[in-house]
Amino acid sequence: MDALEGLWSITAPASCLHPGWPPLHGRSEVMDSWQRIMTGPNPPQITCHHATASLIGEVGLVTCYEQIGREWLVATNLFNREGTGWTMFHHQSGPTAAPPEMDEIAETRPVN
């Protein structure tokens, strides 16, 4: 949870759309949701695949596939410059029709 606390923006308005959840707004609500997810009885092992980043002014856009067990999601994450680094202010993930191509799976990185 410490890593997630440091990842999320303190200054920008935070929002998060977990699959099947209502929209969450505000850092407190977003962090509470991640606390429940990551400290629940079966915390997910999330692996990021094929991340693609774009810079639009002072905003970073990252899209990727997320693998959670046998399930695949697609995700969008928005970042802003805060101090000397980048912090997330929006996360949205949802089901995808198909997992990435096998050559794309080679580009992986555990999220937690």
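The values are calculated or read from the model by the stated rules, or taken from the named source; none is laboratory data. The shown structure was predicted, so the numbers you read here are calculated from the model rather than taken from an experiment. Here the Cβ is made from the backbone with ideal geometry for all residues, glycine too, and neighbour counts use every protein chain on show.
No other residue among 68, 46, 37 is modelled with pLDDT under 95 and touching an Asp or Glu at 6+ places or on another chain (Cβ under 6 Å) apart from 46. Does residue 71 fit the bill of being of a type outside the set (Phe, Trp, Tyr), closer than 22 Å to residue 10 by Cβ and more than 15 Å from the chain's Cα centre (by Cα)? The answer is no for residue 71.
Counted as qualifying within the chain are the strands (runs of 3 or more DSSP E) with 2 or more residues that are surrounded by fewer than 17 Cβ atoms within 10 Å (Cβ to Cβ) and of a type in the set (D, E, K, R), namely 71-82.
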